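The values are calculated or read from the model by the stated rules, or taken from the named source; none is laboratory data. Computed from a predicted model, the values in this text were never measured in an experiment. Cβ sites come from the backbone with ideal geometry, for glycine too, and all protein chains shown count toward neighbours.
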């Protein structure tokens, strides 16, 4: 069903907007398991405020064109090269500041991962060690739920982050146990990674709302490093912002660093992907595409009667088995 939103209603009453736009699951999915996305459809527009979110919300041509024009306008005035370079150089300090302010209270635990990426759960009777890495682990909103939910002692989770503050907060969690998980600081844009595992040793890698924070010019290097450390046959699980997500439409002029790449008010950054962006990036690094989904969702604030149109990309990429 196509929902007609009108030219100026991709989101409503922005000054009253309270949903966290840095990470989808922080405000829309709660702490418990949820149905796989794509299973809740709005058949009657009058029912829009009956649930917190609706899946597969298709935009009509007018809404799509309006989004394109908004992005064209808010990216018409680029940030100066000097300011862009300064933000690049201070990225670690800015994320340390972010986590210093918010501690572990900003993002909710990602229990939905087990629904969307069931491959994470080891097969029953598995006796081999399973090594998982989350790039951009933050304060452990993925690492901790993984080790809590999967009791298998052969299941081990590594978590790396650019922010030393975030990693230290994760290590203070009562469920952090280095017999099951290990957090460490790593700048994944650096030429070499100081990692506690050898190449070809990871079964799975998680990239959840993290690649978007990296300079697009450095993403190809990151993809190459993921390929290096993943086992043949291993999977990368990806979820991040899609082009014309509400977060992109809310930026003001002067916040655009490069095409579809912006600076938030706190100095952190966000890129907004298309499926073709990801396909080119990962297949160019040697991966095989196994899943590519565009999740167009209508989130609502039922108390304030707000509608918020979100666009996310979810994908799986496999490293080919050596012949």
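When the residues of the stretch 260-303 are filtered to those that are part of a loop (DSSP other than H, G, I, E, B) and modelled with pLDDT under 95, the one that is farthest from the chain's Cα centre (by Cα) is 303.
Exactly one residue out of 206, 202 is out of contact with any helix residue (DSSP H, G or I) (no Cβ under 6 Å at 6 or more places or on another chain), within 20 Å of residue 239 (Cβ to Cβ) and modelled with pLDDT of 95 or more, and it is 206. Filter the stretch 176-186 down to the residues that are in a loop (DSSP other than H, G, I, E, B) and surrounded by 15 or more Cβ atoms within 10 Å (Cβ to Cβ) and list them by number. Across the stretch 176-186, the qualifying residues are 176, 180, 186.
Restricted to the stretch 104-175, the set of helices (runs of 4 or more DSSP H) holding at least 3 residues that are at pLDDT 90 or above and touching a strand residue (DSSP E or B) at 6+ places or on another chain (Cβ under 7 Å) comprises 143-149, 164-171. Checking each residue in the stretch 254-280 for being over 23 Å from residue 296 (Cβ atoms) and out of contact with any strand residue (DSSP E or B) (no Cβ under 9 Å at 6 or more places or on another chain) picks out 265, 266, 267, 268.
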